[in-house]
Structure formats: C-alpha cells, structure tokens
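Heads up, the thing below is written out as structure tokens.
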Amino acid sequence: MKIAVLPGDGIGTEIVAEAVKVLNTLDLKFEMETALVGGAAFDAYGHPLPEATLKLAMDSDAVLFGAVGDWKYDKLDRPLRPEQAILGLRKNMGLFANFRPAICYEQLVGASSLKPELISGLDILIIRELTGDIYFGQPRGRRIATDGHFPGAEEAFDTMRYSKPEIERIAHVAFQAARKRKAAGTEGRVTSVDKANVLETFQFWKDVVTEVGKEYPDIALDHMYVDNAAMQLVKEPKRFDVVVTGNMFGDILSDEASMLTGSIGMLPSASLNTKNQGLYEPSHGSAPDIAGKGVANPLATILSAAMMLRFSLNQPEAAQRIEAAVQKVLAQGLRTGDIWSEGTTKVGTAQMGDAVVKALA
Ligand code: NAD
C-alpha cells in the first residue's frame, strides 16, 4: 500500500503529521513518501505541482493531502498559484468524484450554529463532480494576465460545460452510494442540484441524471435548484440523504454543509477516479490565520485517512477503528479551539492526535 503524503502549506503540515501518526499506530504496512506541493513547492522549485510530486501521486494507491495556499501568493499568475496544484492533481489523476460526508457527532451538537434539533443525527453525503464545469472551461483573460489581474481588460469570462459521459458517471456514483447507504439504514434518496431554470448546462445535467435514475428504481430521485438547496441545507438539513451536483455548486454547498456540523475542522473528503485511486484531504484550507500555532483541528485529516483506508486501500476495519477512536476522544471531552465549548477540555493539534492514537490502542 503506497501512500503519497503531500502536507502542503499553512496548517497542512501540522494536521497531516497527526494523521500519519495515527496511520503508523495501525498494524498495517504502508510505504509512505512525502513531497512538496502548493506554495511550499513553488518556493522550492518555482511550481506548485512539480513533476516529481505529480509522479509520486500518480504512482501511489492514495494521496494524503493537507491543504495549500497563502495570501502571499495572491499576486502570482494564476497557473503558478498554490491552489493550481489541486486542480492539476484532480485533472491528471482523473479524480472526478468528490465525496464529502457531513455527519454531526452527537458530542458536537452544541458546536453548530443551528438549533440542536435540526442537526442532531445529521448524516448526509454531498457528491461533487470534480473535473468538469466552469472550473475546467475555457477562461478568457488568462493569456493577458501579468500579475494575476487583467489591467485594461473590459471583460472576462469562463465557460460552463458538461458532457453526457461526465454527468452519467457521477450520477452512477451517486445512485450507487445511495444504495449502499440504504443498505445501512438511510432513506435511499438522491437529490440532484442544478440551475436548470437559467443555465442550459444544468437543464442537460437534469435530463441526464433523470435518465440514469431509471436504472435505480429502488432509489428516490428529486431535483432542486441550487439557490433553494442552499436554503434547505440550513432550514431542514436532515431532509437530504445523498446530494449530487456539479463542480461549482458542489464547492459552495459542501462548505455550507460542513458548517452544519460545527466546524470545517471536522470534515474529511475523498476524491476518487475510476480505479478507486484517491486523494484524501480535509474539507478546509490552509488556514494561514492559525498556521504554526499548534491549534488547528487535525480530526478532518485523520478522518480523511480513515476514508483512504476504506475506499482506496481496502481496509474497512482499520477505517472503522479510527472513526471509533475519534468518537471516543470527543466523548472524553477533548476539543480543539474551533469546536470547544464550556465544560470541555481545550487541546492543541498534537495533543488531539496523541489522544486519537491512545484511543486506538
Ligand atoms: P480556510 O478553510 O483555510 O479557513 C477558514 C476559517 O476556518 C479560518 O478562520 C481558519 O482558521 C478556520 N479553519 C480551517 N481549518 C481549520 C482547522 N482544521 N481547525 C481550526 N480552524 C480551521 O479557508 P480560507 O481562509 O478561505 O483560505 C485560506 C487559504 O486556503 C487560501 O489560500 C485558499 O485558497 C486555500 N484553500 C485551500 C484549499 C485546499 O487546499 N484544498 C481549500 C480551501 C481553501
């Protein structure tokens, strides 16, 4: 089992170190190799995704990724910015399906900004298409950009585009996920989120998802406009089971869903290709505001490592052990600052990682 470890920037290095610590506690043999990515790679090699890093990722069964980015790189031309490394990895590895579970742990119900009754027991899965849509369309303006901006330009545009096979394969992923979840006791529903009332691309999306849905008669399908979905996620989040949507809407909705559970520091994510090779990372960014202070919550990254064991490394029992250890630590009342509340014990990044290691033992 070969894992490429790409910590990246900001809190990336701190939180990935804790996940590696947890992985090393398991009685499993991994080959782990670390490489620079993002701003750290730009500083060392002049590119956010050096060829050696990309090769390491492509040759591994899975990538454990921290986060990339810092305000200090905002002046760079767009292709050189740290965030381009993620787009490059997604594109080159063909990571088209992004899974973001939003699960509210009972112990953290009080950490959410929503009323407890709205989120207690919440367990939804957002599936975001990751290699199409406006993020990979034809941009206008980039060619004349000099410092990341377009002095003198009168307009700029990006093109939204989806092909039928791209929509079909993500729809199949969503229906199959809903089926698996249904076997474990959920409702068995896919909500496809679009903007078909305004955008041609998303009328097409809706039609194709509807067609694919006919192959899954055991799974209910409904459609929702993205503006309504954004509202329903805070009004009545438990109405959802599996949500499937395009790249841009998924980007926004999955961050919104992450806050339902209390903190973005709790949410893992998995991005998979057709061979189940995957990139596993927390849903949050590099948090430059708290980087280097030892206060970041490492649990999203540790839970991403659990997803990696389940999806790409075929070790579901080890994944479950990690998830149970995280629950145990929360039940003990240990909290990093982002999820801390009166009556619980505030701990730092490394202490939280150590506690998970101890709970595993
Ligand atoms: P962010 O997710 O880094 O931070 C948002 C807020 O959440 C901050 O207040 C931060 O302190 C807090 N936060 C995030 N993760 C936390 C954790 N584990 N524990 C405790 N608090 C946490 O988003 P941002 O501030 O908008 O972006 C910062 C940088 O990260 C930017 O350069 C952005 O481009 C980049 N970014 C990278 C990724 C990625 O690597 N996949 C994703 C999003 C943003």
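Some notes on this structure:
- A simple spin-label model places pseudo-atoms 7 Å from Cα toward Cβ; at LYS2 and MET32 they are separated by 1.8 nm.
- To the nearest 10, the accessible area of ASP227 is 90 Å² with a 1.4 Å probe.
- DSSP beta bridges in the chain [antiparallel fraction, %, rounded to 5]: 40 percent
- When the Cα positions of GLY88, PHE42, LEU26 are compared along the charge dipole of the chain, LEU26 comes out farthest toward the positive end, with charges on each C-beta of Lys, Arg, Asp and Glu.
- Shape category assigned to region 113-261 from the gyration tensor of Cα positions, a/c cut at 1.5: oblate
- Accessible area per residue (1.4 Å probe, heavy atoms of protein chains only) ranks GLU154, GLU14 as GLU154, GLU14, with the largest value leading.
- For ASP43, ASP194, the ranking by accessible surface with the largest value first comes to ASP43, ASP194, using a 1.4 Å probe.
- Euclidean distance between Cα centres, region 189-242 to region 266-321, Å: 26 Å
- Exceedance of the 20 Å cut-off in Cα-Cα distance is limited, within the set LYS115/LYS293; LYS115/LYS238; LYS91/LYS195; LYS72/LYS293; LYS29/LYS180, to LYS115/LYS293; LYS91/LYS195; LYS29/LYS180.
- Legend: calculated FRET efficiency, ASN24 to LEU80, from the Cβ-Cβ distance at R0 = 41 Å, rounded to 0.05, equals 0.75.
- Within the shell of other residues whose beta carbon sits under 14 angstrom from the beta carbon of THR13, the net charge comes to -4, with Lys and Arg scored +1 and Asp and Glu -1.
- When only the Cβ of Lys, Arg, Asp and Glu is charged (+1, +1, -1, -1), the dipole of the chain relative to its Cα centre reaches about 520 debye.
- Here region 113-261 carries DSSP beta bridges of which approximately 10% are antiparallel, counting only pairs with both residues inside.
- Beta bridges assigned by DSSP with both partners in region 174-302 are antiparallel in approximately 35 percent of cases.
- Loop-located GluC sites (Glu not before Pro) in region 271-361, at most 13 other Cβ atoms within 10 Å (DSSP): GLU342
The values are calculated or read from the model by the stated rules, or taken from the named source; none is laboratory data. Please read these numbers as outputs of a predicted model, since none were measured by experiment. Counting neighbours? That spans all protein chains shown, and the Cβs are built from the backbone with ideal geometry, glycine included. Protein only, heavy atoms only, side chains kept; ligands, DNA and RNA dropped before computing areas. Shrake-Rupley method; radii C 1.70, N 1.55, O 1.52, S 1.80 Å.
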